[in-house]
Amino acid sequence: MKIFKCGHCDHPLFFENIDCGNCGHLSGYRDDDRQMLTFDPTRTSLLSDREKIVYKYCKNREHGICNWLIPENAEEVFCRACQLNRTIPDLSNKINLQRWKSLEVAKHRLIYQLQKIGLDLRSRMTHPDGLCFDFIAKNDNADIMTGHASGVITILLREADDVLREQAKQEMEERYRTLIGHLRHEVGHYFWEQLIAKDQSALRSFRDFFGNEEANYGDALKAYYKNGAPENWRDSYISKYATSHPWEDWAETWAHYLHIMDMVETAHFFGLEVNHKDILENMKIASSFDPYTIEDFETIVQTCVPLSFAVNSINRAMGIPDVYPFVITPAVVNKMKFIHQLLLPKRKL
Ligand SMILES: [Zn+2]
Ligand SMILES: [Zn+2]
Ligand SMILES: [Zn+2]
C-alpha cells in the first residue's frame with residue numbers, strides 16, 4: 001500500500017483516513033489514480049484542496065466504513081469497492097457494524113491492490129462474470145460458510161472477531177489467519193475461473209505448476225481433513241492447506257503473491273532499506289522499486305525475504321507474532337512467477 005499526503009498541509013495520511021490529523025481537513029480516496037484528496041471542512045461542498053474539483057463521498061461513509069470519492073455529478077452512490085457488496089449485515093446490531101467495518105478495511109485494501117494490478121472488477125449484480133461479496137452474520141443461516149462460489153465471495157462476520165479468529169487459527173493449526181488473508185485467498189478462486197479456466201494455454205501451464213484440478217474436490221478435502229498434509233509439504237507448498245487440492249494450492253499461492261507484492265510496495269513507498277553489513281551479509285535490500293512495475297519476480301522475492309526478516313524481528317521485540325511467518329521455497333517461487341507472468345499484461349503502468 002502506498003502512503004498518502006494531505007493536500008493542504010502535506011502531513012502523511014493512511015489509506016483509511018477520513019481527515020488529516022494535523023490540519024483537520026477532510027480526506028478521501030480517489031481510485032482512478034490512487035490519490036488521497038483533502039477538503040476544507042468549513043465549505044459546504046467537497047472542493048478538493050489541490051485541484052479544486054468537487055466530489056461526493058461514497059454512501060457507506062455514513063456508516064464510517066468507506067472514505068472513497070465519487071465525482072459530484074456521477075449517478076452512483078457507492079464507490080467501486082462498495083458497489084461489489086451484495087449482502088451486508090443487519091446494522092441495527094452494533095457488533096455487526098463493528099465487525100463489518102473491520103472486514104471493509106481489509107476489502108478496500110484488496111480492491112486497491114486488484115485495481116493496481118489492472119484486474120477487471122465488475123459487479124456480479126450487473127455482469128454474469130462479475131464478482132460480489134456477501135458479509136454474513138452466522139445466525140442468518142447456519143449452513144453458510146466463508147468461501148467462494150461462481151463469483152460470490154462469502155465472508156462470515158465472526159472472522160472479524162479477534163478471539164474467535166484466534167480460536168479457529170489454533171484449531172486449524174494455522175500460522176496465520178487474518179481478514180486480508182481470507183479475502184486474498186477467496187478472490188484467488190474467482191480469478192482462477194476468470195484467468196485460467198477460460199484459457200486453454202493458461203490451464204495447461206497451471207497444471208504444470210499446481211497439478212490437475214480435475215481431481216474430485218470434495219474427496220480431496222475430505223482426505224486432507226482426515227490425513228493432514230504430507231510430511232514434506234514445505235518443499236512445494238506455501239501452507240499445509242495448499243496440499244489439499246490444486247485449487248486450494250492456487251488460492252493459497254495467489255494470496256501469498258498478493259501479500260508479497262503489498263509488503264514490497266509498502267517498503268518502497270517508505271524507502272525502507274535493510275542493510276546491516278555484518279549480520280545480513282546476503283540480505284541487503286533497497287526497496288527502490290514499485291514491485292508492480294517489475295517484470296522479474298525473482299527481484300521482488302529477493303527483496304521480500306530480508307524485509308520480512310527485519311519486520312518479523314521488530315514484531316518479536318514487541319512480543320507479537322511474525323508478520324510473515326512463512327518460508328518461500330524455490331518450488332513456491334516458481335508458482336508465484338507463473339502468477340506474476342500471468343498478471344503482467346494486465347498492468348496499466
Ligand atoms: Zn493536513
Ligand atoms: Zn465505498
Ligand atoms: Zn479456498
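The values are calculated or read from the model by the stated rules, or taken from the named source; none is laboratory data. Fair warning: this is a prediction, and the values are worked out from it, not measured in the lab. Ideal geometry is used to build each Cβ from the backbone, glycine not excepted, and the neighbour counts take in all protein chains shown.
For region 130-172, a residue qualifies if it is at pLDDT below 95 and over 27 Å from Ile95 (Cα atoms), and exactly one does: Ser150. Restricting the first member to region 176-205 and to residues that are more than 14 Å from ligand 3 (Cβ to nearest atom), and the second to residues that are among the basic types (Lys, Arg) and not in a helix (DSSP H, G or I), no beta-carbon pair is closer than 9 Å while six or more apart or on different chains. Number of residues in region 10-30 that are within 7 Å of ligand 1 (Cβ to nearest atom), of a type in the set (A, V, I, L, M, F, W, C) and surrounded by fewer than 19 Cβ atoms within 10 Å (Cβ to Cβ) equals 1. Tallying residues that are outside any strand (DSSP E or B) and surrounded by 14 or more Cβ atoms within 10 Å (Cβ to Cβ) within region 64-92 yields 12. Residues of region 132-155 that are farther than 22 Å from Tyr217 by Cα and within 16 Å of ligand 3 (Cβ to nearest atom): Phe133, Asp134. When Met36 is tested against (1) in a helix (DSSP H, G or I); (2) within 16 Å of ligand 1 (Cβ to nearest atom), only condition (1) is not met. Taken as a whole, region 178-188 holds at least one residue that is surrounded by fewer than 18 Cβ atoms within 10 Å (Cβ to Cβ) and either modelled with pLDDT of 95 or more or not aliphatic (A, V, I, L, M) (or both).
Scanning region 217-237 for residues that are in a loop (DSSP other than H, G, I, E, B) and small (Gly, Ala, Ser), we see that the one that is nearest to Ala255 (Cα to Cα) is Ser236. Just checking, does region 36-59 include any residue being of a type in the set (S, T, N, Q) and either within 12 Å of ligand 2 (Cβ to nearest atom) or within 19 Å of the chain's Cα centre (by Cα) (or both)? Looking through region 36-59, none of the residues is of a type in the set (S, T, N, Q) and either within 12 Å of ligand 2 (Cβ to nearest atom) or within 19 Å of the chain's Cα centre (by Cα) (or both).
Each row is one residue, and each column tells you yes or no for (1) assigned to a loop (DSSP other than H, G, I, E, B); (2) under 23 Å from Ile117 (Cα atoms); (3) of a type in the set (Asp, Glu).
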residue	(1), (2), (3)
Phe15	yes, yes, no
Cys23	yes, no, no
Tyr29	no, yes, no
Thr42	yes, no, no
Lys52	yes, no, no
Tyr55	no, no, no
Arg61	no, no, no
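Within region 29-73, the set of residues being of a type outside the set (Phe, Trp, Tyr) and under 19 Å from Ala106 (Cβ atoms) comprises Asp31, Arg34, Met36, Cys58, Asn60, Arg61, His63, Gly64, Ile65, Cys66, Asn67.
Evaluate the following for Leu13: is it in the same structural domain as Asn73 (by TED's automatic domain parsing), within 26 Å of Ala106 (Cβ to Cβ) and in contact with a Cys (Cβ under 9 Å, 6 or more places away or on another chain)? Yes.
Just one of (1) surrounded by 18 or more Cβ atoms within 10 Å (Cβ to Cβ); (2) within 13 Å of ligand 2 (Cβ to nearest atom); (3) assigned to a helix (DSSP H, G or I) fails for Leu114. It is (2). Only residues that are aromatic (Phe, Trp, Tyr) and touching a residue at least 12 places away in the same chain (Cβ under 8 Å): list them for region 226-252, please. Listed by number, the residues that qualify are Tyr237, Tyr241, Trp247, Trp250. The lone criterion from (1) assigned to a loop (DSSP other than H, G, I, E, B); (2) free of Cβ contacts under 8 Å to residues at least 24 places away in the same chain left unmet by Ile95 is number (1).
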